[in-house]
Structure formats: C-alpha cells, structure tokens
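Below is one structure, written out as structure tokens; the observations come after it.
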Amino acid sequence: GYFPYILEGIWITGDITINVELESLEGQNMPPRNFKVDNQTAIATWLPPGIEFVTVFEEGFECGSLPSGWTQEYILDSVPWTVQTGGAGMTSAHSGDYNACFTGNFAKTKLVTPELDLNNAICPTLSFWYAQVPGSGGVDDLKVFYKKSKNDTWKIIVTYPTHAAIWKYEKLELPDVT
C-alpha cells in the first residue's frame, strides 16, 4: 500500500524538488523518483521507487548432471532426481538441452539448492518452469519448500498436485527470508 509523506514546518514558495525516502517493504528505504510539489496547487507528484532486480542464483542444469552444491533429501524410498532431456512424459526440456526430473511412483525426494544468502534481498522471488505428466502411479505432487538456515525446519510455500501436460511458468514470493 501507500503511506503518506508529511512535510511539517516547510513553506513552499516556488516549484521545488525534494529528495525523500519512503519507508516500506519491511523497513527498506527506497527513494521515490521525481518528487515535485507544485506551488500553485500544493499537489505533490512522484514516480514509484526504481527497484533493480538482481538474479542471485540461476540454474538451467545444462551441465547434464546435478550441479555442485545441490543435494537431495530422501523422504520416502531412495529415488533420486535426475538431469536429462525431458522425461516423465515430456520429450524436451523447456529451454536448453536438460532439465531436472523426478519419476517417483509414490517416492518422495527433496531437491535442494545450495544455501543462498538473501538477508539483504528486497522482495526475493523464486521462478521456475515445471511440468507434471501422470505416470503409472498418477501425478506426483510438486511441493516448494524453504528454510532460513541449515538447521531450521522446512516450511512449505506451495503445492502443485495436478496434471500439467505443458511447461508452466511460476514465480513465487519467498516469505520471511531473514
């Protein structure tokens, strides 16, 4: 939402540009752009803060195997994630030559990224492509989890329990990252 910015004890006698910082997004200070007050109408106008988005981690699995630092946590049975072209009903990767694939038939295995430092991130997000084609055991549930530290417990963000016959793009806001 928006928060009011109040100027007290300032008389405006002409067009003026003021540099201010709006506090929002969990205490992160972000300056608005082109903040101006018209001296005839006393109307303030500005553009929203310019936020630069930086990719802190990206993986396309193009090395043909699980990259260094990635781990797997076997929950039910010891069925690993693999890196291959398509798989589980898909004939190709979404982009490039390879993708991560899990064909478990009731097995459960977490595919875990290397630890990421998101302490200074503003609105961190996770984006990915996925597909889920039914196998002999039906459709696996794709679940996205996160945890704040190595010793913390996993917290679920979302579950995708239904058939997805084509690659689907998802972008999730990561909650409570610090």
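Quick notes on this structure:
- Virtual paramagnetic centre 7 Å along Cα→Cβ of D77, amide N under 13 Å, in the range 132-164: 135-141
- FRET efficiency, K148 to S95 (Cβ-Cβ, R0 41 Å, nearest 0.05): 0.85
- With 21 Å as the limit, the listed pairs K148/K168; K110/K171; K150/K171 have K148/K168; K150/K171 beyond it between alpha carbons.
- Taken along the Cα-to-beta-carbon direction at a fixed 7 Å, the label points for T55 and F106 span 4.0 nm.
- From phi via Karplus (6.51, -1.76, 1.60), per-residue ³J(HN,Hα) for the range 112-120 in Hz, x at Gly/Pro: 10, 5, x, 4, 10, 8, 10, 4, 9
- Sorting 123-131, 35-43 by average packing, meaning the other beta carbons within 10 Å per residue, from highest down gives 123-131, 35-43.
- When the trypsin sites (Lys or Arg not before Pro) in the range 69-178 are filtered for DSSP coil states and for at most 15 other beta-carbon atoms within 10 Å of their beta-carbon, the remaining sites are K147, K148, K150.
Readers should treat all values here as calculations from the given coordinates under stated rules, not as data from a laboratory. On a predicted model such as this, the values are computed, not experimentally measured, just so you know. As a convention, Cβ positions derive from the backbone with ideal geometry for all residues, glycine included, and neighbour counts pool all protein chains shown.
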